[in-house]
Structures are given as C-alpha cells and as structure tokens.
1. For the chain, set up a Gaussian network in which alpha carbons nearer than 10 Å are linked by springs, and say which option among A81, A105, A62 fluctuates the most.
2. Express the C-alpha Rg of region 120-179 as a ratio against the empirical globular expectation 2.2 N^0.38 Å, rounded to two decimals.
3. In cubic angstrom, how much convex hull volume per residue do the alpha carbon atoms of the chain span?
4. Calculate, for H23 and W77, the FRET efficiency according to 1/(1 + (r/R0)^6) with r their C-beta to C-beta distance and R0 25 Å; round to the nearest 0.05.
5. Under 10 Å, Cα contacts only: if you run a Gaussian network model on the chain, which one of I49, I90, I25 comes out with the highest mean-square fluctuation?
6. Most fluctuating residue of L131, L179, L104 in a GNM of the chain with Cα springs under 10 Å: which is it?
7. Please work out the ratio of the alpha-carbon Rg of region 83-192 to 2.2 N^0.38 Å and round it to two decimals.
8. Projected area of region 71-141, taken from the Cα convex hull and averaged over every viewing direction, in nm²?
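No lab work stands behind these numbers, since they all come straight from the coordinates. Quick caveat, the model's predicted, so the values are computed rather than measured. In this analysis, Cβ positions are derived from the backbone assuming ideal geometry, glycine residues included, and neighbour counts consider all displayed protein chains.
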Amino acid sequence: MPAQQSDEMLAALKKAAAVLRDHGIPFAVGGGIAVWAWGGPATEHDVDIVIRPADVDAALAALDEEGMRTERPPEGWLVKAWEGDVLIDIVFEPAGFVVDDELLARCDQHNVQAVPMLLLPTEDVLVSKLLSLTEHYLAYEPLLEHARSLREQVDWDQVRRRTEMSPFARAFFTLVEELGIVDAVEAGASHA
C-alpha cells in the first residue's frame, strides 16, 4: 500500500492527466509521483509528466485552455504548468532516454486514484534521476528512499549500465551496495 499522497498533488495529477487524455496527447507519469504509484514514498515536490517533444505546444495549449497557468522556462527540456500551488513539470527531453512511441509502449497502465494513466518504468525514473545529479545538485536522500522501497521491482543491472558514465551514479551504487540495498557487482564483472 503506497504512503498517503497529498490531495492537492493528486488533484493536480488527475486534472493534467484528464486534459492530456481528452486532447489525445500521449503521456506517462514520471518522477516522485510514479515512484509513489509503484509503492514508494509520497512526494511533496511536484508532479512530473513526460510527453513526446512534438506534443509540447498542444499540451501547453490544452492545459492553458483548462485554466492552468503555463510557462516555457529557459532550460529547454521541460515546460511547466500550475494547478493552484502545485507545479506540474511537463518533461519532453529527460536525462537518459528519449520520449517516443517506443518508450510509451513500454509503460504500464495503472489506475491512479481511479484515473487510468501510464507510469514510466522504475528503471527509467531512476536513470533520469541519477543522470540529473551534478556537483551542484547531489540529492541522494530521495534516491535512497526510492531504492529501498522499490528494490525488488528494479532491474538494477540495467540502471547501472545506463548510468555508468556518471560519477554521481557510480557513487550512488557504491552507497546502495554498502547499505545492502542493491547487490554488489564483483570487480571485473560485466554490466552487459
């Protein structure tokens, strides 16, 4: 049973999901909300939704039409919408993978608070979070919570292989191995 998620976050997620669905815009839920829906801890940060890059303009127009405040920030890999005080990040170029029809076909459909929606696979959520770590943003605490709560649902070899170029991801794997959350890889073993 997932931890209790805030009513405001769930209401924002459900509204955004319904708007995108009703406008025929394919999407999947990612980030902390996906982790929560998979059985992890609740999040109070924001709602993350991934869409194909070609759908950005249509998504912003649809959300704006439904009364959400929207914004195109300078980062260039996401756009934003607000439902009340809840931020919804609409990510179209996440770190570590491409949002396309193939990705969306790999997502599992779940009923989240009685609204059907696709959830990003746990591996994609973790890859994106790990590849987002930098010298200026080392948020290992939520990643440790996610790893602990989802450990049996994750193909750790895949996550390790997809993030091995990142020193921050390698440090994460050292940490979760030392804590006994993830099995250690023997020296010289292949990640293939």
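1. Among A81, A105, A62, the largest GNM mean-square fluctuation belongs to A105.
2. On the way: Rg = 10.4 Å, N = 60, 2.2 N^0.38 = 10.4 Å.
Dividing the Cα Rg of region 120-179 by 2.2 N^0.38 Å gives 0.99.
3. Numbers: hull volume 23.4 nm³, N = 192.
That works out to 122 Å³ per residue.
4. On the way: r = 22 Å, r/R0 = 0.87.
For R0 = 25 Å, the calculated efficiency reads 0.70.
5. The residue that fluctuates most here is I25.
6. L179
7. Numbers: Rg = 15.2 Å, N = 110, 2.2 N^0.38 = 13.1 Å.
In units of the 2.2 N^0.38 Å rule of thumb, it is 1.16.
8. Working: hull surface 25.8 nm².
Taking a quarter of the hull surface, the average projection is 6.4 nm².
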